[in-house]
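The values are calculated or read from the model by the stated rules, or taken from the named source; none is laboratory data. Remember, it's a predicted structure, so these values are computed and weren't measured experimentally. Cβ: placed from backbone, ideal geometry, glycine included. Neighbour counts: every protein chain shown.
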Amino acid sequence: MVFSYSSSGRTINLDKVEKLPDDTYNGFSVGRWEGDTLVVDVSGFNDKTWFDRAGNFATDTLHVVERFTAAGNLNDMLAMRYEATIEDPKVFTRPWKISMPFYRRIERNAQLMEFRCQEFVEELAFGHLRRQQLTKHYEGLTLNIDITRKIPKDQDLLYQRDYVMPTPKK
């Protein structure tokens, strides 16, 4: 599987292979067929996995079982049903499930565009729109950054809710 986000990829092993020597963000996937459904058992996640930008996280005990089922004729398959059972005993009190359709792009010359993740782009592009600075200090695996927001003195900004309106000139 190839994802536009962060240029990441994932291999679903359908044959017996040795487990990866280290845990990863996408885990280690082993698939098998149950009729027309591809069932994928995923484990071996590292403890840095997030579910979303809100910061909902998982630990190294995360275990996911995914089910990919064709919706309709396989020859002109335009949609697939995706289901996942998610369990992480260090985070959740019980397993939970999600399901959604995946749609195939059929436009002529459709392309999967690259998504380049830029550190702090949200703060750089939209930080001036916030009443309070989002982040003042960041500590990563390989660097620490102190951030100070600067607003030029010649820009008198009036903050209203989540947007900025320049003060009218007199």
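Please pick out the residue among F57, F68, F45 that is hydrophobic (A, V, I, L, M, F, W, C) and farther than 21 Å from I12 by Cβ.
Working: F68 fails: farther than 21 Å from I12 by Cβ; F45 fails: farther than 21 Å from I12 by Cβ.
Just one listed residue meets the conditions, F57.
Could you list all residues from region 38-56 that are in contact with a strand residue (DSSP E or B) (Cβ under 9 Å, 6 or more places away or on another chain) and exposed (fewer than 15 other Cβ atoms within 10 Å of the Cβ)? Working first, answer last.
Quick first cut of region 38-56, residues in contact with a strand residue (DSSP E or B) (Cβ under 9 Å, 6 or more places away or on another chain) only: 38-51, 56.
D47, K48, W50, F51, N56, listed by residue number.
Yes or no: R104 over 28 Å from P21 (Cα atoms) and modelled with pLDDT of 80 or more? Explain how you work it out, then say what you get.
Values: over 28 Å from P21 (Cα atoms): yes; modelled with pLDDT of 80 or more: no.
For R104, the condition - over 28 Å from P21 (Cα atoms) and modelled with pLDDT of 80 or more - is not met.
Between a residue in region 89-108 that is among the β-branched types (V, I, T) and any residue that is part of a loop (DSSP other than H, G, I, E, B), which pairs come within a Cβ distance under 9 Å, given they are 6 or more apart or on different chains?
Once the first residue is among the β-branched types (V, I, T) and sits in region 89-108, its partners that are part of a loop (DSSP other than H, G, I, E, B) give V91/N56; V91/A58; V91/T59; V91/T61; V91/L62; I106/L78.
If you go through region 15-30 one residue at a time, do you hit one that is basic (K, R), loosely packed, with under 15 Cβ neighbours inside 10 Å and either under 20 Å from L141 (Cα atoms) or not assigned by TED's automatic domain parsing to the domain that holds F68 (or both)? Before you say what the answer is, go through the steps one by one.
Of all residues in region 15-30, those basic (K, R) come to 16, 19.
Add one more test, that the residue is loosely packed, with under 15 Cβ neighbours inside 10 Å, and what stays is 16, 19.
In the following step, the residues that additionally are either under 20 Å from L141 (Cα atoms) or not assigned by TED's automatic domain parsing to the domain that holds F68 (or both) were identified as none.
Looking for residues that are basic (K, R), loosely packed, with under 15 Cβ neighbours inside 10 Å and either under 20 Å from L141 (Cα atoms) or not assigned by TED's automatic domain parsing to the domain that holds F68 (or both), one finds none in region 15-30, hence no.
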